[in-house]
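Working notes, structure below.
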Amino acid sequence: MPASDLQNNTRIKQSYVQRIFNNWKVVLLSVIGATTFWFFNALNKNYEARISYPVEFLFDRDSVVVMQPLAATLDIDVSSGGWNLLRKTFWFNVTPIQISLDNPTEIGYYTRNSLLPIVSDQLSELKINYLATDTVYIDIEAKKQKRVVLKVDSLGVDLAENHRITTPIQVEPDTVLLVGPKSFIDTLGSTYSLDIVTRGISNDYRRDVSVNLPEPDLSLSIPEKVRVRFGVEKFERQSIEIPIEPQNFPADSSAYLSRSTVQVFYTVSEENKKDFTEDDFVVTADYNMLDERTNSVLAILVYSPDPAIEIEVIPENIPVTYEQ
């Protein structure tokens, strides 16, 4: 095909595309214009609609605690012109219905009948057909405060195996002010327990601990955290064989102990751990304390070193043997 024919075809295609584009612009503008006309015309008509309209409760929030979230909207069936409905439902700066609570702790609910005059008065530009919201519940309590002494239950502290608390548990400060709904504060005694949530504690404990409350969204502690400190050490169970020192037995040896030693079990901290000797313990058995029913005397631990705790003497009762 000659070059001149190719150029003619190209110009024809470009002209055709341009005409289509121009026609679409006309069509689009027509659609926009028709839609705009329809929209504004529709807004001039009256409509019936159900709307969720914002509501706001007015009261002194500093002196009370809202136990359950208050209603944020009211469902209302209304009639009005399109412009009013648009302005009351889609505009960003909609003024909510305001309900004043003079005694918020004394009011349990608002019924449809009690809400209707308030709604009608504040939405006077709309015809209120009826309220779809039947009841608005209000759960508000008086705010109360109480100062309590903090304590830590040592039995509730989770320690690593064979570890123990070795010092008094210190809490700084040792008192806090608890603020919350009256129903909660009235249940409190003079002390309040702290929870140590750390598990498997194996070293001296020095941490900030939160004062946990059952409903943290409704109550608070001033301060929110306190410092808790206590010492922790590892302990071991050990034993040693100790000779028995007989007392008040017959000089002629007509009665004597059936055994000469006992096993002494004791617990000691790792820090105080050392090799104890039989001189560190004294165990006696007094013939004057003879139990004739069992023909035995009690092995009594008279002396033990201070680091040793939870001491047991095995056996505890020593049989007495008599010379034939």
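Every number here is computed from the coordinates shown, using simple stated rules; none is lab data. Quick caveat, the model's predicted, so the values are computed rather than measured. Cβ: placed from backbone, ideal geometry, glycine included. Neighbour counts: every protein chain shown.
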Can you list residues from other chains, or at least 5 along the same chain, whose modelled amide H is less than 5 Å from the amide H of MET67? ASP139, ILE140, GLU141
Within segment 131-168, which trypsin sites (Lys or Arg not before Pro) sit in a loop by DSSP and count at most 15 neighbouring Cβ atoms inside 10 Å? none
When the Karplus curve 6.51 cos²θ - 1.76 cosθ + 1.60 is applied with θ = phi - 60°, which whole-Hz ³J(HN,Hα) does each residue of segment 213-228 get, with x for Gly and Pro? 10, x, 10, x, 6, 10, 10, 8, 10, 10, x, 7, 10, 9, 9, 10
Using amide H atoms built in the peptide plane, which far-off residues or other-chain residues are under 5 Å from VAL232 H to H? THR166, ASP204, TYR205
Restricting attention to segment 243-324, which GluC sites (Glu not before Pro) occupy a DSSP loop and are surrounded by at most 16 other Cβ atoms within 10 Å? GLU270, GLU271, GLU292, GLU316, GLU323
Whole number please: convex hull volume per residue of the Cα set in segment 174-288, in Å³? 200
Do any of LYS144/LYS225; LYS151/LYS273; LYS151/LYS234; LYS151/LYS182 go past 29 Å between their Cα atoms, and which? LYS151/LYS273
Output wanted: per-residue J couplings in Hz (rounded whole) for segment 101-115, from phi through Karplus 6.51 cos²θ - 1.76 cosθ + 1.60, θ = phi - 60°, x for Gly and Pro. 10, 6, 10, x, 6, 9, 9, x, 5, 10, 8, 4, 5, 7, 7
HN-Hα J in Hz across segment 259-273 - Karplus 6.51, -1.76, 1.60, θ = phi - 60°, x for Gly and Pro: 9, 9, 9, 10, 9, 9, 9, 8, 10, 9, 6, 4, 5, 9, 5
